[in-house]
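Asker: Following this message is one structure expressed as structure tokens.
The values are calculated or read from the model by the stated rules, or taken from the named source; none is laboratory data. If you're wondering where the values come from, they're calculated on a predicted model, not measured in any experiment. Backbone-built Cβ (ideal geometry, glycine too); neighbour counts: all protein chains shown.
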Amino acid sequence: MEQATMRFPQGFLWGAATSSHQVEGNNTNNDWWEWEQQPGHILDGHRSGLACDWWNRAEQDFDLAREMGQNAHRLSLEWSRIEPREGEWDDDAIARYRQMLVGLRQRGLEPMVTLHHFTNPLWLVEKGGWETETVVPLFERYVTRVAEELGDLVELWSVLNEPNVYAILSYAGGRWPPGKQNLLLAFKVLSNMLLAHGRAYQAIHRLQPRAKVGIAHAVRVFNPARPDSRLDRLAAWIPDYIFNRLVLTALTEGVLAFPLALNRRVPDLVDSIDFLGLNYYSRDVVAFDVSRPGEFFGRRFYPEGAEMSDGGYGEVYPEGLYRLLKRLAACGKPIYITENGLPDEDDDQRPRFLLTHLAAMQRAIEEGVPVQGYFHWSLVDNFEWAEGWTLRFGLIALNVETQERTLRPSGQLYKEICQANAITQHMVERYAPEVLDKLFPAQARAGRQSIA
Ligand code: BGC
């Protein structure tokens, strides 16, 4: 029987994603750096320190990305470097980013640039950070400056990274700086971030009418524990509404819906994405639980027997990617997977994870969902926020002490996929034969028959 192949569209973007603070090192002028210095904030007392030393050696990892057959890379710019003090621009920092972007282009890697990935300049924090609308014109000014300086090198902008995750973990969960636990404030922060997105969208388009400006939106699957129970369905609907939908409604309809505001209409936000970036990691099963008002009466858990990634980070659930893509197609925008990955230091799950998630994406594409690129999180192990260096997401392993890089087997597999722009039966047989049945059922059957 012929080798079976799953192909991806011509011109598909294959890359990985990173963020400034997680890879650059010595980002001493932002709120995360300060937060890391205080005991109890980061698991095992870890610090970002030199991180992956990208400020000095990003190009070495760009070389590796190119050798892996990638043709794109998603990175973020560090506001605290570009505008170290309010209204003061650091020309050297801008020049370094220019050099990185030129470096990506020279290697045939299309850059996708994020302008805010969780970290804030210390001067902004002193002014109240994202808690008041003061931040909106400040962010707009920063974005305008960046687009003026670097716009000739960037067509794809994913302005904000996961504003929902940022608002919730920093302002309601208390786990990220500034460590507050106030849900109403989290909604305020999310509103301000969305307002800032609207301004940034307009500002970039004024300077670069043909740019494609979007967002990297974290969307999670929430499944009712018992689908026939109305209460469970409601308990799953609420987090879906708050976490997933509020942002989408704002970016498409231009409305800050309750509880962000009382359906405030924001003209800048109407139809303010040219593409939707999806960050997909995992799902929660939700059961109604009257004893949990603080969690909107939902108990969230992972199903029994679910495959979990390192450190209890989440369930490995590739079907969720397919389901979300089908659902998000309704936005009518091109879609990029701006992040997808798992912590897996010994790489015993990542090859299978890649194959099953990419197969789920390919199925959605075959059914007409306009997915135009995939950015794996991440290229190289990097500083994983409150989990420090305990969770390893890289296709490339990093020895933090020596800065030595080692391609993981999943990195080798990803290289083969990027180069072939396809998944082949051979790859599945070599890297994760246990899912051959799932990915290429006819070939798996034929294989069994020939053995019999
Ligand atoms: C974030 C990344 C993070 C990754 C893995 C995403 O929520 O954008 O910064 O490292 O998840 O947890």
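Asker: Looking at G314, G298, G294, G254, which one is at pLDDT below 95 and of a type outside the set (A, V, I, L, M)?
Answerer: Every option except G294 fails the conditions.
Asker: Another one. Only one residue in E315, E295, E307 is surrounded by 18 or more Cβ atoms within 10 Å (Cβ to Cβ) and either acidic (D, E) or more than 27 Å from K212 (Cα to Cα) (or both). Which one?
Answerer: Every option except E315 fails the conditions.
Asker: Considering only segment 404-414, how many residues are in contact with a strand residue (DSSP E or B) (Cβ under 8 Å, 6 or more places away or on another chain) and outside any strand (DSSP E or B)?
Answerer: Qualifying residue count, segment 404-414: 3.
Asker: Let me ask another. Inside segment 58-88, can you point out the residues that are more than 17 Å from L153 (Cβ to Cβ) and part of a loop (DSSP other than H, G, I, E, B)?
Answerer: Passing the criteria: M68, G69, Q70, E83, P84, E86, G87.
Asker: Now a separate question. Could you list all residues from segment 363-389 that are of a type in the set (A, V, I, L, M) and either crowded, with 21+ Cβ neighbours inside 10 Å or outside any loop (DSSP other than H, G, I, E, B) (or both)?
Answerer: Correct list: A364, I365, V371, L379, V380, A386.
Asker: Would you mind finding the one in A172, A235, A216, A203 that is crowded, with 21+ Cβ neighbours inside 10 Å, out of contact with any Pro (no Cβ under 6 Å at 6 or more places or on another chain) and farther than 17 Å from V113 by Cα?
Answerer: The conditions single out A235.
Asker: Could you tell me whether W55 is of a type outside the set (A, V, I, L, M), closer than 24 Å to Y313 by Cβ and not in a loop (DSSP other than H, G, I, E, B)?
Answerer: no
Asker: A further question on this structure: Under 6 Å between Cβ atoms, at least 6 apart or on separate chains: pull out the pairs that start in segment 379-391 with a residue that is farther than 11 Å from E345 by Cα and end on any residue that is within 11 Å of the ligand (Cβ to nearest atom) and modelled with pLDDT of 95 or more.
Answerer: From residues that are farther than 11 Å from E345 by Cα, the pairs are L379/T18; V380/G394; N382/Q22; N382/V23; F383/Q22; E384/L391.
Asker: Out of (1) within 16 Å of the ligand (Cβ to nearest atom); (2) over 25 Å from Q3 (Cα atoms); (3) among the basic types (K, R), the odd one out for R405 is which?
Answerer: Status for R405: all satisfied but (1).
Asker: Where the second residue is among the acidic types (D, E) and the first is at pLDDT 95 or above and lies in segment 128-156, which pairs have Cβ atoms under 8 Å and are six or more apart or on separate chains?
Answerer: G129/D31; L138/E86; Y142/E83; R145/E83; E155/E110; L156/E110
This table checks each residue for (1) away from the ligand (no atom under 16 Å from the Cβ); (2) aromatic (F, W, Y).
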| site | (1), (2) |
| --- | --- |
| V219 | no, no |
| P224 | yes, no |
| P227 | yes, no |
| F258 | yes, yes |
| D271 | yes, no |
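Asker: Being modelled with pLDDT of 95 or more, crowded, with 22+ Cβ neighbours inside 10 Å, at negative phi and out of contact with any Cys (no Cβ under 9 Å at 6 or more places or on another chain) is true for just one of L43, L77, L64, L50. Which residue is that?
Answerer: Unique residue meeting the criteria: L77.
Asker: Considering only residues that are without any contact (Cβ under 8 Å) to a residue 40 or more places away in the chain and part of a helix (DSSP H, G or I), look in segment 241-266 and name the one that is surrounded by the most Cβ atoms within 10 Å (Cβ to Cβ).
Answerer: Among those that are without any contact (Cβ under 8 Å) to a residue 40 or more places away in the chain and part of a helix (DSSP H, G or I), it is T249.
Asker: Is segment 336-349 home to any residue that is in a helix (DSSP H, G or I), free of Cβ contacts under 8 Å to residues at least 24 places away in the same chain and surrounded by fewer than 22 Cβ atoms within 10 Å (Cβ to Cβ)?
Answerer: No, segment 336-349 has no match at all.
Asker: Using the structure shown, decide if F139 is of a type in the set (F, W, Y), within 16 Å of the ligand (Cβ to nearest atom) and in contact with a strand residue (DSSP E or B) (Cβ under 8 Å, 6 or more places away or on another chain).
Answerer: Here the answer is no, as F139 does not meet what is asked.
Asker: List pairs: first in segment 439-452 and surrounded by 10 or more Cβ atoms within 10 Å (Cβ to Cβ), second among the small types (G, A, S), Cβ under 6 Å, 6+ apart or cross-chain?
Answerer: As it stands, the answer is L439/A359; F440/A4; Q443/A4, since those pairs meet every condition given.
Asker: In this structure, is R392 of a type in the set (D, E, K, R) and either assigned to a helix (DSSP H, G or I) or more than 16 Å from the ligand (Cβ to nearest atom) (or both)?
Answerer: So R392 does not fit the description; no.
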